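Here's a structure for you.
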Amino acid sequence: MIVTVSNEYGSGALAIAARVAEELGYAYVDQQLPVVVAKRLRITPQDVDANEDAQRSLGERLLTSLERATPELAQASAEPPFGEALLHAVQDAVREYAARGNAVIVGRGAFAILGARPDVLRVFFHAPRAWRVARVVEATGIRPEVAEAEVDRVDSARAAYLQEWYGVAFGDARAYDLCIDTSRIDAAQTTAAIVAAVRARRA
C-alpha cells in the first residue's frame with residue numbers, strides 16, 4: 001500500500017505522516033524525492049524545491065530554465081523546458097517509490113500522479129487559517145504577520161502548481177480518499193484513523 005500525504009501549510013502533516021510510516025513499518029518518503037530528481041537533472045535539491053514551491057510567470061520560468069538548466073537541456077531545442085523536465089523527473093521518482101510498495105509519500109503531487117488506485121490511500125490535511133498561523137508562530141517564533149504571509153504564500157504556490165500541471169484544485173475533497181481537519185482531530189487520533197484505513201484496505 002501507498003499513502004500519499006497532501007496538506008495546507010501549517011496543518012502538522014509532516015509529523016503525522018512520519019508517525020503513520022512508523023506505525024505501519026512503511027518507508028517515509030519526503031526529502032528523498034528532491035535528491036533523486038536533482039541527481040537525474042544534475043541540479044541541486046534546493047533547485048527542485050524552489051521550482052516546485054514558487055508561483056512564477058511563464059517568463060520567470062523561462063529565465064529560471066536558462067539559469068539552472070543543464071547544458072544538455074539548454075542546447076537541445078527538442079528537449080522540454082526545465083519546468084517540464086522537472087515535472088517528469090518528479091513523476092518518475094514518485095512512481096518508482098510507489099512501485100516498491102509500503103511507503104508514505106509526502107507532497108510532490110503524488111496523489112495526482114498515482115491517482116485513484118486500489119493500492120493508494122490519498123490523504124489531505126487541512127485546518128482553519130488562523131489555527132495554522134498560530135501553530136507556525138508557536139513552532140518557529142516568527143511574528144504573526146510573517147507567519148500569515150508564509151501560510152498564504154505556500155498555499156498559493158501549491159494551488160498554482162497543482163492547477164498548472166495536473167488541473168486539480170488544491171484541497172478539492174474529490175481528489176482524495178480521506179480529508180482530515182487537524183485542528184479538530186489530534187495527531188494520535190489522525191494517525192490511528194489513517195493506519196486503520198490502510199489496514200482495512202489491505203484486508
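The values are calculated or read from the model by the stated rules, or taken from the named source; none is laboratory data. The structure presented is a predicted model; accordingly, all values stated were derived computationally and were not measured. A quick note on method: Cβ atoms are made from the backbone with ideal geometry, for glycine too, and the neighbour counts reach across all protein chains shown.
Look through the stretch 90-109, keep the residues that are assigned to a helix (DSSP H, G or I) and among the basic types (Lys, Arg), and return whichever of them is farthest from residue 8 (Cα to Cα). Steps first, please.
Going residue by residue through the stretch 90-109, those that are assigned to a helix (DSSP H, G or I) are 90-100.
Then drop every residue that is not among the basic types (Lys, Arg), which leaves 95, 100.
On the way: 95: 23, 100: 27 Å.
Looking at residues that are assigned to a helix (DSSP H, G or I) and among the basic types (Lys, Arg), I get 100.
Checking the condition surrounded by 14 or more Cβ atoms within 10 Å (Cβ to Cβ) and within 22 Å of residue 16 (Cα to Cα), which residue from 106, 168 passes?
Numbers: 168 fails: within 22 Å of residue 16 (Cα to Cα).
Sole residue among the options that is surrounded by 14 or more Cβ atoms within 10 Å (Cβ to Cβ) and within 22 Å of residue 16 (Cα to Cα): 106.
Then there is this: Looking for whichever is of a type in the set (A, V, I, L, M, F, W, C), surrounded by fewer than 21 Cβ atoms within 10 Å (Cβ to Cβ), at pLDDT below 50 and touching a Phe, Trp or Tyr at 6+ places or on another chain (Cβ under 9 Å) here; the options are 18, 54, 27. Which one fits?
Working: 18 fails: at pLDDT below 50; 27 fails: at pLDDT below 50.
Residue meeting the stated conditions: 54.
In the set 134, 147, 192, 139, which member is assigned to a helix (DSSP H, G or I), more than 19 Å from the chain's Cα centre (by Cα) and surrounded by 18 or more Cβ atoms within 10 Å (Cβ to Cβ)?
Values: 134 fails: surrounded by 18 or more Cβ atoms within 10 Å (Cβ to Cβ); 192 fails: surrounded by 18 or more Cβ atoms within 10 Å (Cβ to Cβ); 139 fails: surrounded by 18 or more Cβ atoms within 10 Å (Cβ to Cβ).
Selected residue: 147, the only one of 134, 147, 192, 139 that is assigned to a helix (DSSP H, G or I), more than 19 Å from the chain's Cα centre (by Cα) and surrounded by 18 or more Cβ atoms within 10 Å (Cβ to Cβ).
Search the stretch 68-89 for residues being in a helix (DSSP H, G or I) and modelled with pLDDT under 70, and hand back the single one that is surrounded by the most Cβ atoms within 10 Å (Cβ to Cβ).
As a first pass, look at the stretch 68-89 and keep what is in a helix (DSSP H, G or I): 68, 71-75, 82-89.
Subset that is modelled with pLDDT under 70: 68, 71-75, 82.
Numbers: 68: 18, 71: 8, 72: 11, 73: 19, 74: 14, 75: 9, 82: 23.
Selected residue: 82.
Further question on the same structure: For residues that are among the acidic types (Asp, Glu), over 17 Å from residue 9 (Cα atoms) and modelled with pLDDT of 95 or more, tally how many sit in the stretch 161-203. Show your work before the answer.
Of all residues in the stretch 161-203, those among the acidic types (Asp, Glu) come to 164, 172, 177, 181, 186.
Cutting the leftovers down to over 17 Å from residue 9 (Cα atoms) gives us 164, 177.
Next, from what is left, pick out any that are modelled with pLDDT of 95 or more: 177.
Summing the residues that are among the acidic types (Asp, Glu), over 17 Å from residue 9 (Cα atoms) and modelled with pLDDT of 95 or more in the stretch 161-203 gives 1.
Being free of Cβ contacts under 8 Å to residues at least 40 places away in the same chain and more than 23 Å from residue 3 (Cβ to Cβ) is the requirement here; does residue 151 meet it? If you could, list the steps in order and put the result at the bottom.
Working: free of Cβ contacts under 8 Å to residues at least 40 places away in the same chain: no; more than 23 Å from residue 3 (Cβ to Cβ): yes.
Spelling it out, it is not the case that residue 151 is free of Cβ contacts under 8 Å to residues at least 40 places away in the same chain and more than 23 Å from residue 3 (Cβ to Cβ).
If you scan the stretch 153-189, which residues turn out to be closer than 16 Å to residue 123 by Cβ and in a helix (DSSP H, G or I)?
Across the stretch 153-189, the qualifying residues are 158, 162, 173, 174, 175, 187, 188, 189.
Additional query: Go through (1) more than 12 Å from residue 8 (Cβ to Cβ); (2) out of contact with any Phe, Trp or Tyr (no Cβ under 7 Å at 6 or more places or on another chain); (3) in contact (Cβ under 8 Å) with a residue 60 or more places away in the chain and name the single condition residue 125 misses.
The one condition residue 125 does not meet is (1).
Only one of (1) closer than 22 Å to residue 29 by Cβ; (2) hydrophobic (A, V, I, L, M, F, W, C); (3) in a helix (DSSP H, G or I) fails for residue 125. Which number is that?
The failed condition is (3).
Where the second residue is among the acidic types (Asp, Glu) and in a helix (DSSP H, G or I) and the first is over 13 Å from residue 105 (Cα atoms) and lies in the stretch 9-20, which pairs have Cβ atoms under 7 Å and are six or more apart or on separate chains?
Listed by first residue and then by second, the contacts come to 9/155.
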